[in-house]
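Reading through the structure tokens given below for one structure.
A short reminder: the numbers here are calculations on the coordinates, not readings from a lab. The shown structure was predicted, so the numbers you read here are calculated from the model rather than taken from an experiment. For neighbour counting, all protein chains shown are included, and Cβ atoms are generated from backbone atoms with ideal geometry for every residue, glycine included.
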Amino acid sequence: MAKTFDVVVIGGGPGGYIAAIRAAQLGLATACVDEWKTADGKPAPGGTCTNVGCIPSKALLQSSENYEHAGHAFSEHGIQVKGLSVDVAQMLKRKDRVVRQNNEGILYLFKKNKVAFYHGRGSFAGGSAGAWDIKVAGKPEETLTAKHVIVATGSSPRALPGAAFDNKLILDNDGALAIPEVPRRLGVIGAGVVGLEMGSVWRRLGAEVTILEALPAFLGAADEQVAREALKVFTQQGLAMHMGVKVGRVTAGKDVKVEYADSDGKAQALTVDKLIVSIGRVPNTDGLNAAAVGLKLDERGFVAVDGDCRTNLPNVWAVGDVVRGPMLAHKAEEEGVAAAERIAGKHGHVDFNTIPWVIYTSPEIAWVGKTEQQLKDEGVKYRAGQFPFMANGRARALGDTTGFVKFLADGKTDRILGVHIIGPMASELIAEAVVAMEFRASSEDIALICHAHPSLSEAMKEAALAVHKRTLNL
Ligand code: NAI
């Protein structure tokens, strides 16, 4: 007999597993179905983020940064390192261990919160409002019945036409995290988040990295001033960046040859030992059996949802990468919680204006709210205030003074409209800006708050003071 649940979540990534936990906390009988498995077939919930995204990439970013510091930054501190070398196998082993700890953490949380976990691919097997049948293609195969379904099936890397991923020479995000030895020449297609993070990892470890980007502007979604600074710093670090290119044929044999037209339209070719293709992701709807139950997809293949993550089918919800909006783990989590709350009759809420963006390069880049160019385009009167880490005592002591904090505040009300950071610990500093914006703070509010000294957070206060042309340390 089918097992019956109030909520069945399909997908155990950050959107799905968090939705399942929240639903269970709210007293709903909840199951989560996830098919990801370890090399030896064990369940590995956590989705792309935990298995081949956020978590392992941060592990390798940390390892490679430690190596770079030991090689280039320690001597300034009076620390001499002799015979420095990289053990890539150990680095990858550590990364895999960090991932496994996270997989196990999620399984533990399911147990603790009484979420029933099913290992296998989940798909619609029929049913109607209030009683959807979900097939789990696991061992054994089971059918669950659900009053509510939350689809959280995530996304997959988009391949270049004519250059399928083999994860030996042409790598997706998964392959980029598992290169067994440092390639001498590494090519990256797409100067987005994955390209910059993975390009940084392998450059720090010694690879010669060339990035080919289709758009003429670097990091188009970021504030232009931040993007300019980032391009300058990354180029100084040795990432060879070619913008405005048109990638043509890719031929893989002993190595990989990429033919492309440069920004002047001139034919060029790049030969590399490995090629990472990071040109965005596509939603995972294959295998959901969406058509059989009439689940509507939009014109780009995402599950179509309204502002509350409701699909066209009664009691069927969808969250995270498989629906519109930024493909960010924390956006998926927020939508997962909100969907669970709505199912429980509460008021879930996701504020798209205060979703932070972070790129974990060095320096880190983080922002929330509007960019300066967006405010100009929208004709909003604003005031900007900026403070460089060069003038921050803690940054000097750290030996990491690249970049700045920039506040954008409404010209009349002083309400904070956007905060942009490039510099040390930007990923942590941005949280203050998110809180401030959620509470509709003005830049003066931040300027009048006591910030610990010495700390990087003082750069936030000083940038807020700069909006009113009254910085103290510059
Ligand atoms: P992305 O959307 O960040 O960047 C893709 C880049 O590839 C863009 O700059 C685009 O113009 C370029 N591109 C597209 N087609 C191209 C072509 N044919 N030739 C050359 N360039 C081309 O996508 P990415 O880096 O693959 O990441 C996928 C998703 O994962 C993103 O939505 C990203 O936000 C998310 N992610 C987030 C992270 C974070 O929050 N730190 C880390 C890694 C991924």
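Charge dipole (Cα centre; +1 on Lys/Arg Cβ, -1 on Asp/Glu Cβ; no other charges) of the range 1-126 amounts to roughly 420 debye. The angle between the Cα long axis of helix 14-25 and the longest principal axis of the Cα atoms of the chain comes to about 60 degrees, rounded to the nearest 10. If a spin label sat at a point 7 angstrom from the Cα of K168 along the line to its beta carbon, the backbone N atoms of the range 232-257 nearer than 20 Å would be those of 250-257. Across the range 241-258, coupling constants 3J(HN,Hα) worked out from phi with the 6.51/-1.76/1.60 Karplus curve, θ = phi - 60°, read 10, 10, 9, x, 8, 10, 6, x, 6, 10, 10, 10, x, 6, 10, 10, 10, 10 Hz, and Gly and Pro carry x. Per-residue ellipticity at 222 nm computed for the chain from its helices equals -9500 deg cm²/dmol, with DSSP H segments shorter than 4 residues left out and the rest contributing -39,500 (n - 2.57). For the range 290-378, the fraction of C-alpha pairs more than 15 angstrom apart is 66%.
Distant-in-sequence amide contacts of H148, defined by a placed amide H-H separation under 5 Å and a gap of 5 or more residues or a different chain, comprise V7, V8. Phi-derived couplings, Karplus 6.51 cos²θ - 1.76 cosθ + 1.60 at θ = phi - 60°, listed residue by residue for the range 91-98: 4, 5, 5, 4, 4, 4, 5, 4 Hz, with x used for Gly and Pro. If R0 equals 45 Å, the separation of the Cβ atoms of E224 and Q80 corresponds to a calculated FRET efficiency of about 0.60. Against the main long axis of the alpha-carbon atoms of the chain, helix 329-343 sits at an angle near 40°.
In summary, the lysines within cross-link reach of K246, defined as a Cα separation below 16 angstrom excluding same-chain residues under 8 places away, comprise K257, K266.
State whether the range 355-466 is rounded, prolate or oblate according to the following rule on the C-alpha gyration tensor (a ≥ b ≥ c being the square roots of its eigenvalues): a/c under 1.5 gives rounded; otherwise a/b larger than b/c gives prolate, and the remaining case gives oblate. It comes out prolate by the Cα gyration axes. By the count of neighbouring beta-carbon atoms within 10 Å, fewest first, R203, R396, R300 end up ordered R300, R396, R203.
For R184 and A159, what does the FRET efficiency come to when R0 = 22 Å and r is the distance between their Cβ atoms, rounded to the nearest 0.05? Calculated value: 0.35.
Put a plus charge on the Cβ of each Lys and Arg, a minus charge on the Cβ of each Asp and Glu, and nothing anywhere else: the dipole of the chain about its Cα centre is then about 440 debye.
Note on the range 170-279: dipole from Cβ charges, positive end direction compared against A269, L196, L231; the farthest Cα belongs to A269. Taking other C-beta atoms within 10 Å as the exposure proxy, I150, I446 rank I446, I150 from fewest upward. Dividing the mean sequence gap of close Cα pairs (under 8 Å, 6+ apart) by how many residues the chain holds gives a relative contact order of 14 percent.
For the range 170-279, the alpha-carbon coordinates run over 40, 31, 22 Å along the three principal axes, in decreasing order. Database remark: amide H of E142 closer than 5 angstrom to the amide H of V136 (H placed geometrically; neighbours at sequence offset of 5 or more, or on other chains; Pro and chain starts carry no H).
Measuring nothing but how far apart in sequence close Cα pairs (under 8 Å, 6+ apart) lie, relative to its length, the range 355-466 scores a relative contact order of 31 percent.
Taking the charge dipole of the chain about its Cα centre, with +1 at Lys and Arg Cβ atoms and -1 at Asp and Glu Cβ atoms, the residue from A329, A290, P45 reaching farthest to the positive side is P45. Once the mean of 1/r is taken over each pair of separate Cα atoms and inverted, the range 93-205 shows a Kirkwood hydrodynamic radius of 17.8 Å. Could you pull out the pairs from K58/K461; K135/K296; K376/K469; K168/K254; K37/K95; K376/K412 whose alpha carbons sit more than 22 Å apart here? In this structure, K58/K461 lie more than 22 Å apart at Cα. Applying 1/(1 + (r/R0)^6) with r as the Cβ-Cβ distance of S455 and A73 and R0 = 35 angstrom yields a FRET efficiency of 0.95. Taking square-rooted eigenvalues a ≥ b ≥ c of the alpha carbon gyration tensor, is the chain rounded, prolate or oblate, where a/c under 1.5 means rounded and, failing that, a/b exceeding b/c means prolate? In terms of gyration-tensor shape, oblate. Under a 5 Å amide H cut-off, with hydrogens placed 1.01 Å from N, G403 pairs with F389 among residues at least 5 apart or on other chains. Computed from backbone phi, the HN-Hα couplings of the range 48-57 come to 4, 3, 6, 8, 9, x, 3, 6, x, 5 Hz, rounded to whole numbers (Karplus: 6.51 cos²θ - 1.76 cosθ + 1.60, θ = phi - 60°; Gly and Pro given as x). Put in line by how crowded their Cβ is, counting other Cβ atoms within 10 Å and starting with the fewest, D321, D377 read D377, D321. Against the chain, whose longest principal axis comes from its Cα atoms, helix 458-467 is set at around 80 degrees.
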